[in-house]
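> Questions regarding the structure given below will be posed in turn.
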Amino acid sequence: MEVNNFYINDIPVYFSKTEKFKTINLQIIFLNEFNEFLATRLSLLSRLLNNSTKKYNTKKKIVNKLFDLYDANVSVFSYPSYKTSLTVFSLEIVNEKNINDKTLINEAFLFLKEVIFNPNISWGSFNEKEFFEEKRRLKESIEKIYDNKNRYSIKKLIQNMCQGEISSVSSLGNLEELEKITPKTIAETYEFLINTSNVSIYCVGDITEERLKEELKNFDFKQNSKENFQIVSNEIKKINSVKEVKETQNVNQSILCMGYRTSFNSNDDDYFAGLVFSEMFGGLYTSDLFRVVREENSLAYSIVSQMIPDVKIMIVNAGIDGKNYDFVLKLVSDELKKYKEGTISNDLLEVAKATLINDLKETEDDPKSYASYMFKNYLTGLNLTISDNIDKVDSITIEDVKKIAQGIELDTVFLLTNN
Amino acid sequence: MEKINYDNINEVIYKEKLANGLTIKLIPKPGYNKVFACFGTNYGSLTNKFVPYGESDYQEVPLGIAHFLEHKLFAMEDGTDAANLFTEMGLESNAYTDYMETVYLFSGTDNIEKGLGLLLDFVQKPCFTDENVESERGIIEQELLMYLDMPRDRLHNGLMENMFEVYPLRYDVGGTVEEIKKITKETLYKCYNTFYHPSNMSLIVVGDIDCDQIMNLIKNNQEKKEFPKALDIKRNFLVEDEKVVKKFSSIKMDVSIPKIAIGFKLPFEKFAHNEPMMVELYLKIILESKLGPSSEFYQMLLDEELISGSLGYSVFLDDKCGYIKVSFDSKKPDECSRKVKEFLLELRKIKLSKIEFERFKKAILGSFLKGLNNLEFIASSYIEYDFKNSDIFSSISLLESSTLKDIKKMGKYFKADALTEFVVYPKDWKSN
């Protein structure tokens, strides 16, 4: 698949024309700051923009319009990358060819334009009914994290581990900040987002470049430099001693979360070596953690490691019997120690590389993944093709993996348990 | 190979039934790097009473055995694990057990032929030993304990227990910690020999494939193996009427807000080809229009601050019976569920306008076309409906020709006798 790059009114557009999919996918991404103040506001704003516009001022009108557009998906969501927020307006429609309707693309783009530029704001204030409804719903969503014990445990781990750091700021929002927001201040947040962001556009599907330009030319974006925003962390955290936190709840199974600091971020040369390490350590079905904890000792149904590379963190997470806490902790630490010492299986390395290469190839099989790939190139400024990335993975050696392991240190352990 | 064209959705399926009874379906998707294959047996947790292969009497097996078997089938004769072998080929593998089917699958971009060979070989060569059965028990126990802390799972299982007296939809797919203790290698072999005969199985491969080449590969693999004679499988399903066992029950968990499920039991019926799928679809249209985000009822619940989040719904029908489930969170569970129940019972007289119905036809077409981008969706939904005596690729043209009369017929399922409720309360909740 090829990527074309052009500009419409200063806005970069990355476009991949393909007949492979039955859909056209478009993402418009607003980069802005991410901080404690903005996080909750962007979370609420995304929800408000999703649920009404001035013209389609009720959920009923919005949903029926989307049904009329052959179940088009229009969604607004916001998530962070280090100190930058990414607010995405995304559109997915079926290809006109498949339904014999020549007006769908135009109507869908007009609708997306309405969602971005015509929010339900009058006299500098968001529609009150919508505002208070969404505010209440967001409050309840935040409270309900407690009901998902795995998600709750990871949240508690990060809160304990990263006090005062940007990583501990929840992109869903927090209750204190939410309380402060009013219909007027959320309208200000909207203006701030629209006027001070860096905007870029990604499109994948069977549409001509002329048609895409034609449909986008009436979108009136304000452009700002992307250099204002910090996308990855270069901080170095020193760990004096490992923090252990336990919380008791009425649960059947204990959840163990281990938080580590790593030495690389997603823009570093080491990035792919970091991913390879994570696969080998606790990502693959044949990973060392899975083998030792599940297969050899039957201590867990699953145990996984995952990287959060923008903030240089790794999390290991498993559901265990609370009485095995010390044993599982020791098994995980022993495995990491082996990597640091260079006791690393070459077979497993090859498997991890093959798996990542496979994932990279599959990027081309899903429009959203492909849009994300184009976006990542924009963020990093590196124009790496999929095959460049594959070459990078392919060249990783045991020494590279050892170096990654040596940069990984346990910071905090959180256990949710019933005794 | 038989070629079936679905012009309206621009898809093709190649189909063949081999001499040993195995059904093969190949779905070409030009331009994709990835290939997705799944090998499924028409056997899930609902079948727990049957005549084992070569025997003459019905036998009841422990709950959760289909799922246990799924876990253990990955064990190979030489002590290796099939999932590891897939991983070593750079392929991703997985398996799942549901009410009606157990499915083994893999996907990847290279080594597809090797992967396909492995898929057929490991599923068709069980290796159950006393030791490996024992070691799996601890792992499955942790899996079941994990589900016990998931409110959504507890809500579903509670509702099913209220609804069914003897029909196995009453039980969780994974069984219980107590029941899986009864599983031995002998019972696993009995289930395996009965349900993993090729004549009870389907293989689906989706991707940018050379259909002739793939078909030959499968045939060569199968011709080298010997299988006992295919026998009709005798399964015993205990029939019950639409009356629910209990109208209400509840449990307490460590959660922040009450969680409620309300359901209707769908009674036993004889269904024609494609009918289970279409009944499910009609019911989903009704529920989406009456309870979905575009409905007035949902907006009313929000306006009165009775509901938190959305009003979820699902419909399940095997080829005999099933359920409708509506679930939601509420800080005023009594009042909210009273309103939802009253509203649902009014659906006996369904009012849907022609405009609304046509809008849903468009939306479902769009939604299905979007799904066709996704190879997993294609293969897993195809196999699921295949075992429900339905062809999912025909759903769009069947819907196109259906009328409001078909929708209105669904009113008969919203009966007071068939309705039940299950609630998960926070641990220190004081109900009135």
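The values are calculated or read from the model by the stated rules, or taken from the named source; none is laboratory data. Please read these numbers as outputs of a predicted model, since none were measured by experiment. Note that we place each Cβ from the backbone using ideal geometry, even for glycine, and neighbour counts take in every protein chain shown. The accessibility values were calculated without ligands, DNA or RNA, using every heavy atom of the protein model including side chains. Shrake-Rupley method; radii C 1.70, N 1.55, O 1.52, S 1.80 Å.
> Looking at segment A:311-331, is at least one residue under 30 Å from A:Lys20 (Cα atoms) and out of contact with any Asp or Glu (no Cβ under 7 Å at 6 or more places or on another chain)?
no
> Only one of these conditions is not met by A:Pro119: (1) away from chain B (no Cβ under 13 Å); (2) open to solvent by 40 Å² or more (accessible area, probe 1.4 Å). Which number is it?
(2)
> I would also like to ask the following. Cβ-Cβ under 9 Å, sequence separation 6+ or interchain: first residue in segment A:135-162 and facing another protein chain (nearest Cβ under 10 Å) and within 16 Å of A:Thr40 (Cα to Cα), partner assigned to a helix (DSSP H, G or I) and acidic (Asp, Glu). Which pairs?
A:Lys139/A:Glu179
> Among the residues of segment B:262-281, is any crowded, with 21+ Cβ neighbours inside 10 Å and in contact with a Cys (Cβ under 7 Å, 6 or more places away or on another chain)?
The answer is yes, given that some residue of segment B:262-281 is crowded, with 21+ Cβ neighbours inside 10 Å and in contact with a Cys (Cβ under 7 Å, 6 or more places away or on another chain).
> Quick check on my filter: what residues within segment A:46-64 are out of contact with any helix residue (DSSP H, G or I) (no Cβ under 6 Å at 6 or more places or on another chain) and either within 14 Å of chain B (Cβ to nearest Cβ) or open to solvent by 40 Å² or more (accessible area, probe 1.4 Å) (or both)?
A:Asn50, A:Lys54, A:Asn57, A:Thr58, A:Lys60, A:Lys61, A:Ile62, A:Val63, A:Asn64 - these are the residues of segment A:46-64 that are out of contact with any helix residue (DSSP H, G or I) (no Cβ under 6 Å at 6 or more places or on another chain) and either within 14 Å of chain B (Cβ to nearest Cβ) or open to solvent by 40 Å² or more (accessible area, probe 1.4 Å) (or both).
> Of everything in segment B:142-188 that's closer than 20 Å to B:Val326 by Cα and basic (Lys, Arg), which residue is farthest from the other protein chains (Cβ to nearest Cβ)?
Only one residue tops the list, namely B:Arg170.
> Scan segment A:337-364 for residues that are small (Gly, Ala, Ser), part of a loop (DSSP other than H, G, I, E, B) and open to solvent by less than 50 Å² (accessible area, probe 1.4 Å) and jot them down.
Scanning segment A:337-364 gives a single hit, A:Gly342.
> Which condition number in (1) away from every other protein chain (no Cβ under 12 Å); (2) part of a loop (DSSP other than H, G, I, E, B); (3) closer than 30 Å to A:Asn389 by Cβ is the one that A:Ala273 fails?
Checking A:Ala273 against (1) away from every other protein chain (no Cβ under 12 Å); (2) part of a loop (DSSP other than H, G, I, E, B); (3) closer than 30 Å to A:Asn389 by Cβ, the one that fails is (2).
> When only residues in segment A:290-327 that are of a type in the set (Phe, Trp, Tyr) and within 28 Å of the chain's Cα centre (by Cα) count, which is modelled with the lowest pLDDT?
A:Tyr301
> Now for a different question. If I filter segment A:90-99 for residues that are among the acidic types (Asp, Glu), touching a residue at least 12 places away in the same chain (Cβ under 8 Å) and open to solvent by 30 Å² or more (accessible area, probe 1.4 Å), do I get at least one hit?
No - not one qualifying residue is present in segment A:90-99.
> Just to confirm my filter: which strands (runs of 3 or more DSSP E) fall fully inside segment B:8-62 and include at least 2 residues that are of a type in the set (Lys, Arg) and out of contact with any Leu (no Cβ under 7 Å at 6 or more places or on another chain)?
B:11-17
> Which condition breaks for A:Leu256 when tested against (1) more than 14 Å from chain B (Cβ to nearest Cβ); (2) open to solvent by less than 30 Å² (accessible area, probe 1.4 Å); (3) at pLDDT 95 or above?
The number of the failed condition is (1).
> Still on this model: Which condition from (1) open to solvent by 10 Å² or more (accessible area, probe 1.4 Å); (2) more than 10 Å from every other protein chain (Cβ to nearest Cβ) is the one that B:Phe74 breaks?
Exception for B:Phe74: condition (2).
> Of the residues in segment A:162-176, how many are in a loop (DSSP other than H, G, I, E, B) and among the polar types (S, T, N, Q)?
Final tally of qualifying residues: 4.
> From the set of residues in segment B:282-337 that are polar (S, T, N, Q) and within 14 Å of chain A (Cβ to nearest Cβ), which is farthest from B:Glu400 (Cα to Cα)?
If we take residues in segment B:282-337 being polar (S, T, N, Q) and within 14 Å of chain A (Cβ to nearest Cβ), then B:Ser330 is farthest from B:Glu400 (Cα to Cα).
> Out of segment B:250-261, which residues are under 23 Å from B:Leu287 (Cβ atoms) and either buried (at least 22 other Cβ atoms within 10 Å of the Cβ) or more than 14 Å from chain A (Cβ to nearest Cβ) (or both)?
B:Pro258, B:Lys259, B:Ile260, B:Ala261
> With out of contact with any Pro (no Cβ under 9 Å at 6 or more places or on another chain), at pLDDT 95 or above and within 27 Å of A:Tyr373 (Cβ to Cβ) as the only criterion, which of A:Leu193, A:Leu157 stands out?
Matching residue, one of A:Leu193, A:Leu157: A:Leu193.
> If you go through segment A:68-75 one residue at a time, do you hit one that is modelled with pLDDT of 95 or more, out of contact with any Pro (no Cβ under 6 Å at 6 or more places or on another chain) and away from chain B (no Cβ under 14 Å)?
No, the conditions are met nowhere in segment A:68-75.
> Continuing with the same structure: Scan segment A:278-288 and tell me whether some residue there is touching a residue at least 12 places away in the same chain (Cβ under 8 Å) and either open to solvent by 60 Å² or more (accessible area, probe 1.4 Å) or more than 30 Å from B:Glu131 (Cα to Cα) (or both).
Yes, that holds for at least one residue.
> Could you check B:Glu280 against (1) in contact (Cβ under 8 Å) with a residue 24 or more places away in the chain; (2) more than 25 Å from B:Arg154 (Cα to Cα) and say which number it fails?
Answer for B:Glu280: the failing condition is (2).
> Check B:Glu136, B:Glu141, B:Glu88, B:Glu131 and return the single one that is touching a residue at least 12 places away in the same chain (Cβ under 8 Å) and open to solvent by 30 Å² or more (accessible area, probe 1.4 Å).
Of B:Glu136, B:Glu141, B:Glu88, B:Glu131, the one residue that is touching a residue at least 12 places away in the same chain (Cβ under 8 Å) and open to solvent by 30 Å² or more (accessible area, probe 1.4 Å) is B:Glu141.
> Quick one: in segment B:51-78, which of the residues that are touching an Asp or Glu at 6+ places or on another chain (Cβ under 9 Å) and of a type in the set (Phe, Trp, Tyr) is nearest to B:Glu134 (Cα to Cα)?
Restricting to residues being touching an Asp or Glu at 6+ places or on another chain (Cβ under 9 Å) and of a type in the set (Phe, Trp, Tyr), the top hit is B:Phe68.
> Give the number of residues within segment B:46-60 that are modelled with pLDDT of 95 or more and surrounded by 21 or more Cβ atoms within 10 Å (Cβ to Cβ).
Residues meeting the conditions: 1.
> Enumerate the pairs (first residue in segment B:175-191 and closer than 11 Å to B:Pro126 by Cα; second residue anywhere and open to solvent by 40 Å² or more (accessible area, probe 1.4 Å)) with beta-carbon separation below 8 Å, excluding pairs fewer than 6 apart on the same chain, so at least 6 apart or on different chains.
B:Lys185/B:Thr129; B:Lys185/B:Asp130
> Consider B:Phe68 against the criteria (1) at pLDDT below 95; (2) farther than 29 Å from B:Gly366 by Cα: it satisfies all of them except one. Which criterion is unmet?
Status for B:Phe68: all satisfied but (1).
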